[in-house]
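Let me begin by presenting the structure, written as structure tokens, before commenting on it.
The values are calculated or read from the model by the stated rules, or taken from the named source; none is laboratory data. None of these values were measured; they are calculated from a predicted model. Cβ placement follows ideal geometry from the backbone for every residue including glycine, while neighbour counts extend to all protein chains displayed.
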Amino acid sequence: MRHVRDDEVYIRRVGEPFSGPVPVASTDASAPSDASPRTRRRPAKPAAPAPTPPPSAPRRYSGVILLVTILVVAAAVGATAWWAMAQSTDHVFAGRALYVDRDSSAAVAAETTRSAAEREAAELIAAQPTGIWLTPERNPAGEVASTVRSIVIASKSAMPVFVVYGITDRDCGGQSAGGLPPDDYLEWVDEIADAIGHTQAIVVLEPDALALAPECGDAAGRAELVGEALARLESSGAIVYLDGGHSNWLPVDEMAELLSAAGVDRARGFATNVSNTQTTDAESAYATELSAALGGAHAVIDTSRNGNGPPADAEWCNAPGRALGEVPTIVEDPVVDALLWIKPPGESDGRCNGGPAAGEWWPERAIELAGTG
């Protein structure tokens, strides 16, 4: 059950790159349980991937102790700094802040761990806005609306990033298997849409559902179900991005066909690299090409774990040796709206490479990602 925090409310303005710990908005999202697969990978295309730009230089965080100290001091004195909003007034995120979940797995770990390295990593991660994953296992019908509503109320003028992840045959039986039957799924999405209401929120709809469709079977049926979920969310104030795979998965024309079948023209656009580690440059190029194939759809890129780029062996599930990527920020680009941390860093992809259940906080991997060990 989610609990209410009395922390002072801070927000971070979208529009200026975040270069260290700054005041953020408090909330109350609880950490996922073992039975609640909150996150998923983007499986790398196994054969002859298309050439991509070389990985960018590792973005390890230096001076972590100093950053954490600043964060703690700022919170202690009740700082209320606001960062400059985007100059472009017609940008979809102009003048809005991203909501930071003060009850995320990282925030809970920062408060409860006795390990200095884990606390530093957790505090660094918890200071950034990350996706709030909604699954029917953790947020069942009859309860999900109150969860979403509490976040919308707490977010005030900030925008939460919700990830809706409960489609039928989710993950096609993989690490995050689960989901709801079609009719139950759409009723569940209705609850989410009603709870969002006309308050703007970012929604990333069904990671992997479309890109996995060709290998799961019934690609047309899966695209139709994603489209039905999108129709429900259209009635709210949500800015919706359908999941669009990543640059080392499906060819652009195939991904464009799946997105079109799901009605991406009725959404803001698509999200790329969710839970994966492809470089930002590679994803930006992919998003631009995919947007052109879709007639101008916009995109957001998940940079939560791509600081070192993808591993040489194309491992996707709890790949070791990765690092935090660029922090969430608005992008002044014709296609890419923003870089986001859609996958909460430090949460496992599943029981692979020594990880716990999908969505569970993994201290050792969080420390590795943040470079605090």
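State whether one or more residues within the stretch 156-176 are out of contact with any Leu (no Cβ under 7 Å at 6 or more places or on another chain) and of a type in the set (A, V, I, L, M). Looking through the stretch 156-176, none of the residues is out of contact with any Leu (no Cβ under 7 Å at 6 or more places or on another chain) and of a type in the set (A, V, I, L, M). Exactly one residue among D349, D281 is out of contact with any Lys or Arg (no Cβ under 8 Å at 6 or more places or on another chain) and among the acidic types (D, E), and that residue is D281. The requirement of being under 20 Å from D169 (Cβ atoms), surrounded by 22 or more Cβ atoms within 10 Å (Cβ to Cβ) and modelled with pLDDT of 95 or more is satisfied by L210.
Could you check, for the stretch 286-296, whether at least one of its residues is in a loop (DSSP other than H, G, I, E, B) and either in contact with an Asp or Glu (Cβ under 8 Å, 6 or more places away or on another chain) or surrounded by 21 or more Cβ atoms within 10 Å (Cβ to Cβ) (or both)? So far as the stretch 286-296 goes, yes, one or more of its residues are in a loop (DSSP other than H, G, I, E, B) and either in contact with an Asp or Glu (Cβ under 8 Å, 6 or more places away or on another chain) or surrounded by 21 or more Cβ atoms within 10 Å (Cβ to Cβ) (or both). Screening K156 against (1) surrounded by fewer than 18 Cβ atoms within 10 Å (Cβ to Cβ); (2) closer than 18 Å to D302 by Cβ leaves a single unmet condition, (2). Pairs are defined by a Cβ separation below 6 Å, a sequence spacing of at least 6 or placement on different chains, a first member in the stretch 117-146 that is under 13 Å from G359 (Cα atoms), and a second member that is outside any strand (DSSP E or B) and of a type in the set (F, W, Y); the pairs so defined are W133/Y165; T135/Y165.
Looking at L66, L124, L71, just one residue is modelled with pLDDT under 95, outside any loop (DSSP other than H, G, I, E, B) and either within 26 Å of V163 (Cα to Cα) or in contact with a helix residue (DSSP H, G or I) (Cβ under 7 Å, 6 or more places away or on another chain) (or both), and that residue is L71. In the stretch 277-298, the condition of being within 24 Å of A158 (Cα to Cα), touching a Leu at 6+ places or on another chain (Cβ under 6 Å) and of a type outside the set (D, E) is met by no residue. Pairs meeting the criteria (first residue in the stretch 296-313 and among the charged types (D, E, K, R), second residue in a loop (DSSP other than H, G, I, E, B), beta carbons under 6 Å, at least 6 apart or on different chains) are D302/N273; D302/V274; D302/I342; D302/K343; R305/T277; R305/R322; R305/P345.
Report whether or not A282 is part of a loop (DSSP other than H, G, I, E, B) and either farther than 22 Å from A177 by Cα or at pLDDT below 95 (or both). No; evaluated as a whole, the condition is false for this residue.
Inside the stretch 160-203, can you point out the residues that are surrounded by fewer than 24 Cβ atoms within 10 Å (Cβ to Cβ) and touching a residue at least 60 places away in the same chain (Cβ under 8 Å)? Selection gives D171, G174, Q175, A177, G178, Q200. Collect the residues in the stretch 332-344 that are in a loop (DSSP other than H, G, I, E, B) and surrounded by fewer than 24 Cβ atoms within 10 Å (Cβ to Cβ), keeping them in residue-number order. Correct list: E332, D333, P334, V335.
Against the test of being crowded, with 22+ Cβ neighbours inside 10 Å and modelled with pLDDT of 95 or more, the options S115, S150, S105 yield a single qualifying residue, S105.
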